[in-house]
Amino acid sequence: MSEKIAFLGLGNLGTPIAESLLEAGYELVVWNRTASKAEPLIKLGATVVEDPIEAITTGGLVFSVLADDAAVEELFSMELVEKLGKDGVHISMSTISPETSRQLAQVHDWYGAHYVAAPIFARPEAVRAKVGNICLSGNAAAKERIKPIVQSFVKGVFDFGDDPGAANVIKLAGNFMIACSLEMMGEAFTMAEKNGISRQSIYEMLTSTLFAAPIFQNYGKIVAQHAYEPVAFRFPLGLKDINLTLQTASDVNAPMPFADIIKNRFISGLAKGRENLDWGALALGASDDAGLTR
């Protein structure tokens, strides 16, 4: 492949994305704050560097998959963006505030580089199966340049226009809807359990009929079986995303009362020591309220 790609951030999601790019034949230079996480990629052909700026090629591409707004803003310093330089493209896959994306896009513009928001809807196993979906927003030419690359690890690519923050709005809306689905299934499965019906049986019936969709089928299995480990998406990151959702809604005077309920579920879960569980453990709140223990 002609494109040399810098890849920054090798967490639960970043690692399978990087693996997919390497398997597709792209040349990757990778960096991660915890260097040991990058070592398995060497066997697949990646070059590992100790400083993120070493990974950057002027005019090239850089993918970032980082935890939150602060991590993205800290890493993409003026020095790093300046090295990315004219016609370089930063593909930011983090779930961050739309306003943060807009500010980052402006900084990139100063140096002739382009910022593309590219949050992905996929858990690690979905990335490996190439069935995830990605949202893009930002400079049109930059999006066309990267589309063939992102198509190597997703099923669907959805373009939401030139506003760098638009894709982040969609990502927050989607994560909010997933969280509401977790709460809904937690309540429904708990009601069934307290009526002597197994969680597994209600899961199997509803997700093969009325709710035969990936979110209900995949997350429903987790909720039915209380399978909140291993962790694909950490519980505290769920609270981070709901806080961002509420702020984004507040900025345009759009009330989201269900989001307030979900926020309090996350806070309650953290108070009960669930910070090391998958965010699917949000559904445990309904079991707690019903006096059930897992």
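Whether any residue in the range 64-74 is open to solvent by less than 30 Å² (accessible area, probe 1.4 Å), closer than 24 Å to residue 144 by Cβ and among the hydrophobic types (A, V, I, L, M, F, W, C) is what I want to check. Yes, because at least one residue in the range 64-74 is open to solvent by less than 30 Å² (accessible area, probe 1.4 Å), closer than 24 Å to residue 144 by Cβ and among the hydrophobic types (A, V, I, L, M, F, W, C).
For the criterion of being surrounded by fewer than 22 Cβ atoms within 10 Å (Cβ to Cβ) and at pLDDT below 95, residue 39 passes. Contact map, the range 26-41: residues that are more than 15 Å from residue 71 (Cβ to Cβ) paired with residues that are modelled with pLDDT of 95 or more and open to solvent by 30 Å² or more (accessible area, probe 1.4 Å), Cβ distance under 6 Å, separation 6+ or inter-chain. Pairs shown: 29/47; 30/48; 38/48. If a residue has to be assigned to a helix (DSSP H, G or I) and touching a helix residue (DSSP H, G or I) at 6+ places or on another chain (Cβ under 7 Å) to count, how many in the range 229-242 make the cut? Of the residues in the range 229-242, 7 are assigned to a helix (DSSP H, G or I) and touching a helix residue (DSSP H, G or I) at 6+ places or on another chain (Cβ under 7 Å). Take residue 117 and decide whether it is crowded, with 22+ Cβ neighbours inside 10 Å and among the small types (Gly, Ala, Ser). When the stated conditions are applied, residue 117 passes them.
Residue by residue, here is whether (1) open to solvent by less than 20 Å² (accessible area, probe 1.4 Å); (2) out of contact with any helix residue (DSSP H, G or I) (no Cβ under 8 Å at 6 or more places or on another chain); (3) at pLDDT 95 or above holds:
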{"residue": "83", "(1), (2), (3)": "no, no, yes"}
{"residue": "94", "(1), (2), (3)": "yes, no, yes"}
{"residue": "149", "(1), (2), (3)": "yes, no, yes"}
{"residue": "174", "(1), (2), (3)": "yes, yes, yes"}
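Among the conditions (1) farther than 20 Å from residue 147 by Cα; (2) outside any loop (DSSP other than H, G, I, E, B); (3) over 19 Å from the mean Cα position of the chain (by Cα), residue 50 misses just one, which is (2). Considering the range 197-225, and only residues there that are crowded, with 16+ Cβ neighbours inside 10 Å and of a type in the set (Ser, Thr, Tyr), the residue that is farthest from residue 285 (Cα to Cα) turns out to be 207. Within the range 151-164, being farther than 17 Å from residue 15 by Cβ and either in contact with a Cys (Cβ under 6 Å, 6 or more places away or on another chain) or surrounded by fewer than 22 Cβ atoms within 10 Å (Cβ to Cβ) (or both) holds for 151, 155, 156, 157, 158, 159, 160, 161, 162, 163.
May I ask you to verify whether residue 107 is surrounded by fewer than 22 Cβ atoms within 10 Å (Cβ to Cβ), touching a strand residue (DSSP E or B) at 6+ places or on another chain (Cβ under 9 Å) and among the β-branched types (Val, Ile, Thr)? For residue 107, the condition - surrounded by fewer than 22 Cβ atoms within 10 Å (Cβ to Cβ), touching a strand residue (DSSP E or B) at 6+ places or on another chain (Cβ under 9 Å) and among the β-branched types (Val, Ile, Thr) - is met.
Entry remark, the range 78-96: residues being within 23 Å of residue 15 (Cα to Cα) and assigned to a loop (DSSP other than H, G, I, E, B) number 5 in total.
The values are calculated or read from the model by the stated rules, or taken from the named source; none is laboratory data. Since this is a predicted model, take the numbers as computed values, not measurements. Here the Cβ is made from the backbone with ideal geometry for all residues, glycine too, and neighbour counts use every protein chain on show. Only protein heavy atoms, including side chains, enter the accessible area calculation; ligands, DNA and RNA are left aside. Shrake-Rupley method; radii C 1.70, N 1.55, O 1.52, S 1.80 Å.
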